[in-house]
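Asker: Pasting in a structure now, in structure tokens, and then I'll have a few things to ask.
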Amino acid sequence: MHSGKTKLYRSSALASALLLAGCGQLTSQSPPPQPSYAYAATVPVTANDTQSGIEKYYGGTAVVWQPDAGFAVLGLQQPLASSSVGTLSLNSASTSVTTDINSRIFSASGTSSAWRGQAVQVGYQGRASVWSGGRASVWSGGRASVWSGGSGTVGGIPENSASWKQIGLPAAWAAAPKLGEGVKVAVIDSGIDLKHEMFQGSLVSSSDQWDFVGNDAIPQEEGGFSDEAFGHGTNVAGIVLQVAPRAKIMPLRVLNPDGSGDETNVAQAINFAVQHGAQIINLSLGSVQRTDVIQKMVQFATLKGVYVIASSGNTGDGNITYPAAYSEDLGTTGLLSISVGSVNAQDQKSDFSTYGDKLEVVAPGEVVWGPVPGNLFSYWSGTSMASPMVAGALALARSQNSALDLTTLTTVLLKNTTNVNAFNLKYVNKLGGRLNVGAFVKAATSSVLSSVLSGNR
Ligand SMILES: [Ca+2]
Ligand SMILES: [Ca+2]
């Protein structure tokens with residue numbers, strides 16, 4: 001079923017390209033040519049291999065080249081013959097490699113309730129859900145003063161106050177007054193609205209941003225409100241900043257305005273985030289397909305000490321999407337990656353949220369307000385909105401206590417969640433705990449914990 005969908009996308013893309021060519025508009029209107037691969041695969045590489053040698057041998061393009069880590073990710077036009085893998089280098093372990101269909105296998109896991117199938121200006125509980133103009137004043141002229149001060153006052157977007165109380169955010173801010181300072185959070189998504197007031201002063205330098213869809217240095221959201229995922233990344237990044245107001249966002253665009261994305265783009269974005277110093281990667285996207293390429297990239301990122309936080313998917317069933325489903329793998333992948341599902345304001349599983357033994361944590365992912373392209377504000381719902389709360393929580397703790405070792409931090413986060421079994425009798429032990437960022441950050445920054453850890457060394 002999924003491959004059929006993939007085919008449909010690919011053939012329609014081909015048809016429009018041909019149409020443009022037929023109209024003679026290819027030069028004036030089409031974007032610059034982009035690398036496009038039908039398949040992707042990881043192959044083992046040793047320090048003795050050269051990139052051109054590997055590319056020639058397999059007949060592909062190395063979109064990720066990490067000989068020190070022992071692998072490359074290839075973009076391919078033909079599936080790899082599995083017999084050819086691992087035979088180039090004598091030192092390479094012969095591994096079974098599957099070739100993935102590359103195109104559009106990932107999708108965003110959030111829904112904008114505000115404009116799905118409706119006009120932009122719609123009501124929510126009697127109020128306009130997409131607000132213009134004046135609301136931007138929340139952020140202008142001293143954004144940090146809205147949120148910081150250690151007073152414990154709930155800040156951020158006022159509409160989210162109940163959610164922030166639910167996860168104990170005011171207590172977390174009081175315990176971590178650095179508010180995420182010095183921590184870079186990569187948001188691998190549909191891009192963001194780079195000009196939105198909320199992001200001014202909160203982005204990494206432009207040399208640390210990239211658009212893997214447009215193949216350019218400007219990861220601006222594209223499309224319009226009729227596109228399903230337009231504004232998705234902007235909302236996700238805005239949630240990170242509401243939790244950790246002084247963290248820096250590294251926007252990396254991998255999803256089209258319709259919310260779909262290629263595996264090679266996601267792989268390249270994870271690689272870019274690691275190379276450009278992100279400490280945390282947020283992936284509010286997922287695929288129903290397990291793929292060697294993305295599993296390898298999550299393994300790579302976590303081996304480099306980068307947290308990978310992923311939404312668990314919005315199908316409402318027990319099928320946690322990938323990469324979230326890697327979050328209990330053995331080794332650093334499991335230790336440094338976290339899967340995140342969604343609950344409502346009463347800590348009940350959101351209807352849309354996936355669940356299962358492997359789900360590690362849930363956070364409130366319904367009607368989460370955030371920035372919208374065009375200096376607007378609105379709300380989205382989805383596990384996509386829950387994931388950046390966990391990413392922001394890690395940023396708060398990391399900035400306040402950088403001495404804490406990486407795996408201890410995730411352990412402390414998971415141990416300090418709130419048990420919500422009583423509200424979820426159909427999903428007992430299938431949701432993990434609900435994020436309690438207040439308890440987590442207090443524990444992660446406590447002198448007791450720090451001294452215990454230093455005493456153990
Ligand atoms: Ca662009
Ligand atoms: Ca984990």
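The values are calculated or read from the model by the stated rules, or taken from the named source; none is laboratory data. All values derive from a computational prediction rather than experimental measurement. Please note: Cβ atoms are built from the backbone with ideal geometry, for glycine as well, and neighbour counts cover all protein chains shown. All accessible areas refer to the heavy atoms of the entire protein, side chains included, with ligands and DNA or RNA removed. Shrake-Rupley method; radii C 1.70, N 1.55, O 1.52, S 1.80 Å.
Asker: Across region 346-367, what is the total count of residues that are assigned to a strand (DSSP E or B) and either under 16 Å from the mean Cα position of the chain (by Cα) or within 13 Å of ligand 2 (Cβ to nearest atom) (or both)? If you could, list the steps in order and put the result at the bottom.
Answerer: Of all residues in region 346-367, those assigned to a strand (DSSP E or B) come to 349, 361-364.
In the following step, the residues that additionally are either under 16 Å from the mean Cα position of the chain (by Cα) or within 13 Å of ligand 2 (Cβ to nearest atom) (or both) were identified as 361-363.
Qualifying residue count, region 346-367: 3.
Asker: For the subset of region 232-261 comprising residues that are at pLDDT 95 or above and part of a strand (DSSP E or B), which member is farthest from ligand 1 (Cβ to nearest atom)?
Answerer: Lys248
Asker: Additional query: So how many residues does region 222-231 have that are buried (at least 21 other Cβ atoms within 10 Å of the Cβ) and within 11 Å of ligand 1 (Cβ to nearest atom)?
Answerer: 0
Asker: Which ones in region 255-274 are over 19 Å from Ile218 (Cβ atoms) and open to solvent by 30 Å² or more (accessible area, probe 1.4 Å)?
Answerer: Residue satisfying the conditions is Asp258 alone.
Asker: Test Ser287 against the criterion of being modelled with pLDDT under 95, farther than 28 Å from Ser402 by Cβ and either touching a strand residue (DSSP E or B) at 6+ places or on another chain (Cβ under 7 Å) or open to solvent by less than 10 Å² (accessible area, probe 1.4 Å) (or both), and give yes or no. Write out each step before concluding.
Answerer: Values: modelled with pLDDT under 95: yes; farther than 28 Å from Ser402 by Cβ: yes; either touching a strand residue (DSSP E or B) at 6+ places or on another chain (Cβ under 7 Å) or open to solvent by less than 10 Å² (accessible area, probe 1.4 Å) (or both): yes.
When the stated conditions are applied, Ser287 passes them.
Asker: Could you tell me which residue of region 184-228 is nearest to Ser384 (Cα to Cα), considering only residues that are part of a loop (DSSP other than H, G, I, E, B) and among the hydroxyl-bearing types (Ser, Thr, Tyr)? Reasoning before the result, please.
Answerer: Step one: list which residues in region 184-228 are part of a loop (DSSP other than H, G, I, E, B), which gives 190-191, 193-196, 200-202, 204-205, 209, 212-215, 217-219, 221-228.
Okay, now just the ones that are also among the hydroxyl-bearing types (Ser, Thr, Tyr), so 190, 202, 205, 226.
Details: Ser190: 12, Ser202: 20, Ser205: 25, Ser226: 19 Å.
In this case the residue turns out to be Ser190.
Asker: May I pose another question? All but one of (1) modelled with pLDDT under 90; (2) more than 26 Å from the chain's Cα centre (by Cα) hold for Glu55, so report the exception by its number.
Answerer: The number of the failed condition is (1).
Asker: So Pro364 fits all but one of (1) open to solvent by less than 10 Å² (accessible area, probe 1.4 Å); (2) over 21 Å from Ile167 (Cβ atoms); what number is the exception?
Answerer: The failed condition is (2).
Asker: For region 187-221, give me each residue that is small (Gly, Ala, Ser) and either within 9 Å of ligand 1 (Cβ to nearest atom) or open to solvent by less than 20 Å² (accessible area, probe 1.4 Å) (or both). First the steps, then the outcome.
Answerer: Just the residues of region 187-221 that are small (Gly, Ala, Ser), to begin with: 190-191, 201-202, 205-207, 214, 217.
Those that are small (Gly, Ala, Ser) and either within 9 Å of ligand 1 (Cβ to nearest atom) or open to solvent by less than 20 Å² (accessible area, probe 1.4 Å) (or both): Ser190, Gly191, Ser202, Gly214, Ala217.
Asker: Then there is this: Quick one: which residue in Gly277, Gly316 is surrounded by fewer than 23 Cβ atoms within 10 Å (Cβ to Cβ), of a type in the set (Gly, Ala, Ser), under 20 Å from Gly180 (Cα atoms) and over 11 Å from the mean Cα position of the chain (by Cα)? First the steps, then the outcome.
Answerer: Values: Gly316 fails: under 20 Å from Gly180 (Cα atoms).
On inspection, the qualifying residue turns out to be Gly277.
Asker: Do you know which of the residues in region 324-345 that are part of a loop (DSSP other than H, G, I, E, B), within 11 Å of ligand 2 (Cβ to nearest atom) and not hydrophobic (A, V, I, L, M, F, W, C) is farthest from the chain's Cα centre (by Cα)? Break it down stepwise before answering.
Answerer: Our first condition is that a residue be part of a loop (DSSP other than H, G, I, E, B); within region 324-345, this holds for 329-331, 344-345.
Then keep just the ones that are within 11 Å of ligand 2 (Cβ to nearest atom); that gives 329-331.
Then drop every residue that is not not hydrophobic (A, V, I, L, M, F, W, C), which leaves 329, 331.
On the way: Asp329: 18, Gly331: 21 Å.
Checking each candidate, the answer is Gly331.
Asker: Here's something else I'd like to know. What single numbered condition from (1) crowded, with 24+ Cβ neighbours inside 10 Å; (2) touching a residue at least 40 places away in the same chain (Cβ under 8 Å) fails to hold for Thr302?
Answerer: Of (1) crowded, with 24+ Cβ neighbours inside 10 Å; (2) touching a residue at least 40 places away in the same chain (Cβ under 8 Å), only one is false for Thr302: (2).
Asker: Return a yes/no flag: does region 422-434 have any residue that is assigned to a loop (DSSP other than H, G, I, E, B), under 30 Å from Pro371 (Cα atoms), out of contact with any Pro (no Cβ under 6 Å at 6 or more places or on another chain) and free of Cβ contacts under 8 Å to residues at least 60 places away in the same chain.
Answerer: no
Asker: I'd like the residue in region 335-387 that is aromatic (Phe, Trp, Tyr) and more than 23 Å from Ile280 (Cα to Cα) and, out of all such residues, is farthest from ligand 1 (Cβ to nearest atom).
Answerer: First, the residues of region 335-387 that are aromatic (Phe, Trp, Tyr): 352, 355, 369, 377, 379-380.
Checking the rest, the ones that are also more than 23 Å from Ile280 (Cα to Cα) come to 352, 355, 377, 379.
Details: Phe352: 30, Tyr355: 36, Phe377: 23, Tyr379: 26 Å.
Only one residue fits best here, namely Tyr355.
Asker: Quick check on my filter: what residues within region 343-359 are crowded, with 24+ Cβ neighbours inside 10 Å and under 16 Å from Ser327 (Cα atoms)?
Answerer: Thr354, Tyr355, Leu359
Asker: Can you tell me which residues in region 133-183 are farther than 13 Å from Leu396 by Cβ, modelled with pLDDT under 50 and not in a loop (DSSP other than H, G, I, E, B)?
Answerer: Gly133, Gly134, Arg135, Ala136, Ser137, Val138, Arg143, Ala144, Ser145, Val146
Asker: Do we find a residue being closer than 29 Å to Asn319 by Cβ, open to solvent by 10 Å² or more (accessible area, probe 1.4 Å) and among the hydroxyl-bearing types (Ser, Thr, Tyr) anywhere in region 380-400?
Answerer: Checked region 380-400: at least one residue is closer than 29 Å to Asn319 by Cβ, open to solvent by 10 Å² or more (accessible area, probe 1.4 Å) and among the hydroxyl-bearing types (Ser, Thr, Tyr).
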